Amino acid sequence: MGFYFKFFPLAVIIQLIFSELLTFNGYQANIMLLFVILSSMPLGNATQSTFLGFFVGIFTDFILFSGTYVGVSSLVFSICGFWASKVSYNFAFRNFDFYWISLVHLGIAIYSLFRYDYFFFNNFGLFIANWFFVTYFTCFIGLVIVKVFSLKEVLIDA
Amino acid sequence: MSKVPLIFKDYQENIVLALCVIISCIFIFNNDSNFIKNTKSKSVDTFSFLYTPFNWLDNQLFLNKKLEVLSSENLKLNLENQVLKVHETENKRYREFLNFKKRDNYIFMGADVISKGVSSNMSSVVIDRGLEDFVKINSPVLSSRGVVGKITSVSANSSEVQLISDVNFRLSVKIVPDEVEGILRWIRDDICEINEIKKISDIEIGDVVVTSNLSIYFPPNLPIGEVISIFEKSDSSNRTVRLKLFSDLTTLNQLFIVNEGI
């Protein structure tokens, strides 16, 4: 829980830097999603992580401004927070990167599904492009953060 | 009866997840409600200070480059202006002579982009002008190069601009000099498309696309982009025109809201 509150302001600042200064062809890395996934892993309490994910999502939707639908971030963060905290110690130890990268894929897929009036149904090509560009941009930034700050050890030991 | 709390305890995690998902879905499917709109406007207004340092940094980082571009554009426009002034005088004289209705003048109000949103592939931005500056919903928004979108919601000190790159955005346009009209929609990056244009129309690559006289909210002849390709289908009597926007939607910092004026 302490990890969550300690790094929340930092996540907001990094997200704002990426939103305002480091966009790539209009695509932005979703740092808040990374934050929710990585911070929920050491919680081990799915109820807590789901609630926290939900409130971070509401904050993102209303204050950081997500452009289209209010509620999408809270939906994505609740689901990802829930699943991130469900991981067992042994599994996380062996498949840390695989696990958070899978959750990033899942989260961005839901985001892309809801954007632009249900992209999936009216422009499948753009849905796929949006999903993969944002996912890999986010995963790249995530990998850099995880490796530079040795987050695997920090989170598993937390 | 006593089993109910036990069941809740057993399935607590799943119940909480379901609850959060249901509340989120209620928000998603009620985005048009006044409560959501007002709350969103108020929160953006209250927390707009969060973006200030990043906008300042963004402006500082690209200041020299912007100055360079503006200087060369200024020179080009000055030269064009000299030629256009001669045409304007001539045009005014002819319009008076033929008894045409006087055209409306428009006021352009400058605004800074305060947020580009955290969702990728942006479809809207927030600017620092609102009700206190007499901004109205559906007012056209331009960059220094051309149309970029329209106002979709206004709060006291900020407004949300729906960009051309929003998949739902449509705009009535015409291609000059042939004055062929059509509806514009965004395709990808800075490319847009105008469908169902008659094959007999005389359009060439490089023709300029401007707002048409048919739009309710957009005044005519605001620049949008230029034609880059024309497609024809053998089984159709129509053709599709693709255009490149004059404005770069990925680097929006200062925008202009068009208000009907004097």
Residues in region B:192-214: is at least one surrounded by 15 or more Cβ atoms within 10 Å (Cβ to Cβ) and closer than 30 Å to B:Leu61 by Cα? yes
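Rundown of residues vs (1) among the hydrophobic types (A, V, I, L, M, F, W, C); (2) within 24 Å of the chain's Cα centre (by Cα); (3) assigned to a loop (DSSP other than H, G, I, E, B), yes/no style:
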{"position": "B:Asp202", "(1), (2), (3)": "no, no, yes"}
{"position": "B:Gly206", "(1), (2), (3)": "no, yes, yes"}
{"position": "B:Val209", "(1), (2), (3)": "yes, yes, no"}
{"position": "B:Leu214", "(1), (2), (3)": "yes, yes, yes"}
{"position": "B:Val227", "(1), (2), (3)": "yes, yes, no"}
{"position": "B:Phe231", "(1), (2), (3)": "yes, no, no"}
{"position": "B:Ser236", "(1), (2), (3)": "no, no, yes"}
{"position": "B:Arg239", "(1), (2), (3)": "no, no, no"}
Could you go through region A:24-31 and let me know if any residue there is within 8 Å of chain B (Cβ to nearest Cβ), surrounded by fewer than 18 Cβ atoms within 10 Å (Cβ to Cβ) and more than 14 Å from the chain's Cα centre (by Cα). yes
Within region B:164-200, residues among the β-branched types (Val, Ile, Thr) and part of a loop (DSSP other than H, G, I, E, B) come out as B:Ile164, B:Val167, B:Ile200
If we scan region A:55-62, do we find a residue that is crowded, with 17+ Cβ neighbours inside 10 Å, of a type in the set (S, T, N, Q), within 26 Å of B:Glu13 (Cα to Cα) and at the interface with another protein chain (Cβ under 8 Å from one of its Cβ atoms)? yes
Region A:39-50 residues that are within 11 Å of chain B (Cβ to nearest Cβ) and more than 15 Å from A:Phe8 (Cβ to Cβ), paired with ones that are polar (S, T, N, Q) and assigned to a helix (DSSP H, G or I) (beta carbon under 7 Å, 6 or more apart): A:Asn45/A:Ser85; A:Ala46/A:Ser85; A:Thr47/B:Gln12; A:Thr50/A:Ser78
Log entry, pairs with first residue in region B:4-33 being over 15 Å from A:Lys86 (Cβ atoms) and within 7 Å of another protein chain (Cβ to nearest Cβ), second being among the acidic types (Asp, Glu) and part of a helix (DSSP H, G or I), beta carbons closer than 8 Å, six or more apart or on different chains, reads B:Phe27/A:Asp61
Step by step: first the residues of region B:231-255, then only those that are crowded, with 19+ Cβ neighbours inside 10 Å and at pLDDT 85 or above, then the one that is nearest to B:Val135 (Cα to Cα). Which residue is that? B:Leu255
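The values are calculated or read from the model by the stated rules, or taken from the named source; none is laboratory data. Treat the numbers as computed from the prediction; the structure is a model and nothing was measured. So basically every Cβ, Gly included, is an ideal-geometry build from the backbone, and we count neighbours across all protein chains shown.
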